[in-house]
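Peer 1: The structure follows.
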Amino acid sequence: VPDVPDVARVVIIGAGFGGLAAAKELDGAPVQVTIVDRHNYHTFQPLLYQVATAGLNAADVAYAVRGIFHKQRNVSFRQADVTGVDWSTNTLVLDDGTLPFDHLVVAAGPTAAYFGIDGADEHGFPLYVLTDAIALRNHVLERFEEADADPSLIDDGALCFVVVGGGPTGVEVAGALSELFAMVLRKDFRMLDVSKARIVLVEMADVLLQPFSSPSQRHARERLTDMGVEVRTGEAVVRVTPTRVELKSGEELASHTLVWAAGVRANPLADAFGVATSRAGRIVVGPDLRIEDHDNAFAIGDIAAITGPDGELLPMLAPVAIQSGKHAAREIVRPHRNPFRYRDKGTMATIGRRAAVAELPLHIRLSGTPAWMAWLGLHLVTLAGFRNRLSVFLNWAWNYLTWDRGPRLIIKPDQPSPPRE
Ligand SMILES: Cc1cc2nc3c(=O)[nH]c(=O)nc-3n(C[C@H](O)[C@H](O)[C@H](O)COP(=O)(O)OP(=O)(O)OC[C@H]3O[C@@H](n4cnc5c(N)ncnc54)[C@H](O)[C@@H]3O)c2cc1C
């Protein structure tokens, strides 16, 4: 008996902001939705840097996908890596099988772009997935343990942390590292001169937070400088080794850590699908978000090259992913070929304790404590799951009131024990 479904099968690749929004929008629709993701959880990327800097637990910023859809009966989950597609049979190719679809939503997000910089891929620490954040936290804490055991390593750069990229992620990481060192590690490592730790923020443009207004850019720079971060604008990284970072100006920084917050491109799945791609490898979509030449397939969020009203590609931001996910879902249920219209809700970046910048619609610009409060509130309400919200709130309250951080743990598999005699 042929396997003919009685309702249309919608397959969504990716349980990120876009994929989840599309699946939720299909609640109650006469379709069977399957979300495929290589992780069994959704990651709240905007707070990854806080996991990396020991402000939050890993589980605070991730949520099991199956748990999100307990009450939505037309959604199921498949943990797998998508590796390709056979357009002639409308079948996805997975690392462990295949998955047929009637409608496809590609929401596989971005990946780091290293622009061919020598050693950046191998030695840099990106920040896209949960394990990146844990790897960076382990690495930073291990550098302090190492320097505590052998302070001569400080001169070799063990406590020099280079952050590349002066966008929101780079600014947030640099600010949070500075607070971690000054507030917490100074007390943890009493025998170590923690004031010798350096944070160098390198940005190719002449300003930080490029898409923000000049006052916000200046505010971010001043606050970071006050916090002891060395801001190098108009500078670029050209080569990285495990212990050195070479800059375009010729300067060589003795540093054992390079945080890569500089470049982003679409997930390589965009190429594997053999569809037209645009700048940064993003999938070309029509005004209704359909993929060129594939009427039953949509691309949304970071992986899609969605043109905004000014003719520029929309930025890789969570609200773009959420709104485009909802739009694709509506087009699946009622294929009206309506154009997608993005409603800009503004952008924010936090720098540290009571320091942030926020640029909202109607030219509302906030900085300092009001922006920080707005940032905290927005992130709390947009986190998935009440337990996560409560845990994040408690962690933030604890960190704020005690000037302490909880989860500064080095979590790695132990080396195998030597065989017993
Ligand atoms: C560190 C960081 C901080 C950020 N801060 C902000 C912020 O403050 N505000 C804001 O608006 N935006 C922020 N962003 C951007 C925002 O997180 C993204 O725009 C948003 O996550 C894009 O959603 P998406 O659904 O397109 O992709 P993602 O959320 O990246 O989800 C993609 C999903 O696809 C899965 N996947 C990928 N490839 C495969 C495959 N081959 N097979 C199976 N599954 C796959 C991944 O596991 C992932 O779950 C930040 C991003 C980062 C990295």
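The values are calculated or read from the model by the stated rules, or taken from the named source; none is laboratory data. Since the model is a prediction, treat every value here as computed from it, not as a measurement. Note that each Cβ is placed from the backbone with ideal geometry, even for glycine, and that neighbours are counted across all protein chains shown. Surface areas here come from the heavy atoms of the whole protein model, side chains and all, with no ligands, DNA or RNA. Shrake-Rupley method; radii C 1.70, N 1.55, O 1.52, S 1.80 Å.
Peer 1: I'm trying to understand the selection: among the residues of region 125-160, which are part of a loop (DSSP other than H, G, I, E, B) and under 27 Å from Val238 (Cβ atoms)?
Peer 2: Matches in region 125-160: Pro126, Leu127, Tyr128, Val129, Asp155, Asp156, Gly157, Ala158, Leu159.
Peer 1: Within region 335-389, how many residues turn out to be of a type in the set (Asp, Glu) and either over 21 Å from the mean Cα position of the chain (by Cα) or surrounded by 19 or more Cβ atoms within 10 Å (Cβ to Cβ) (or both)?
Peer 2: Count: 1.
Peer 1: Oh, and also: Would you please name the residue that is surrounded by the most Cβ atoms within 10 Å (Cβ to Cβ), looking only at residues in region 166-204 that are touching a Phe, Trp or Tyr at 6+ places or on another chain (Cβ under 8 Å) and more than 24 Å from Gln217 (Cα to Cα)?
Peer 2: Ala197
Peer 1: Still on this structure, please answer the following. Does region 300-310 include one or more residues that are on the phi > 0 side of the Ramachandran plot and in contact with a Leu (Cβ under 8 Å, 6 or more places away or on another chain)?
Peer 2: no
Peer 1: Moving on. List pairs: first in region 144-165 and open to solvent by less than 10 Å² (accessible area, probe 1.4 Å), second polar (S, T, N, Q), Cβ under 8 Å, 6+ apart or cross-chain?
Peer 2: Gly157/Thr243; Gly157/Ser255; Cys160/Ser255; Cys160/Thr257; Phe161/Ser255; Phe161/Thr257; Val162/Ser255; Val162/Thr257
Peer 1: Here's a check for you: in region 264-277, which residue that is of a type in the set (Gly, Ala, Ser) and crowded, with 20+ Cβ neighbours inside 10 Å is farthest from Val237 (Cα to Cα)?
Peer 2: Ala270
Peer 1: Continuing with this model, one more query. Would you list the helices (runs of 4 or more DSSP H) that sit entirely within region 6-124 and hold 3 or more residues that are open to solvent by less than 20 Å² (accessible area, probe 1.4 Å) and over 30 Å from Ala236 (Cα atoms)?
Peer 2: Counting at least 3 such residues, we get 17-25.
Peer 1: Same structure again: Does Ile332 qualify as being among the aliphatic types (A, V, I, L, M), open to solvent by 50 Å² or more (accessible area, probe 1.4 Å) and in a helix (DSSP H, G or I)? Give the derivation first.
Peer 2: Numbers: among the aliphatic types (A, V, I, L, M): yes; open to solvent by 50 Å² or more (accessible area, probe 1.4 Å): no; in a helix (DSSP H, G or I): yes.
For Ile332, the condition - among the aliphatic types (A, V, I, L, M), open to solvent by 50 Å² or more (accessible area, probe 1.4 Å) and in a helix (DSSP H, G or I) - is not met.
Peer 1: Enumerate the strands (runs of 3 or more DSSP E) found wholly within region 248-314, keeping only those where 2 or more residues are more than 25 Å from the chain's Cα centre (by Cα). So that I can check it myself, show each step before the final result.
Peer 2: Working: elements: 252-254, 257-260, 264-266, 294-299.
Output list reads 252-254, 294-299.
Peer 1: Further question: Do any residues in region 216-242 that are under 19 Å from Val357 (Cα atoms) have Cβ atoms under 6 Å from those of residues that are basic (Lys, Arg), where the two are at least six apart or on different chains, and which pairs are they?
Peer 2: So the pair list comes out as Val231/Arg221.
Peer 1: So, in region 195-220, of the ones that are part of a loop (DSSP other than H, G, I, E, B) and of a type in the set (S, T, N, Q), which residue ends up farthest from the chain's Cα centre (by Cα)?
Peer 2: Of region 195-220, the ones part of a loop (DSSP other than H, G, I, E, B) are 197, 204-213.
Then keep just the ones that are of a type in the set (S, T, N, Q); that gives 210, 213.
Details: Gln210: 18, Ser213: 23 Å.
Per the stated criteria, the residue is Ser213.
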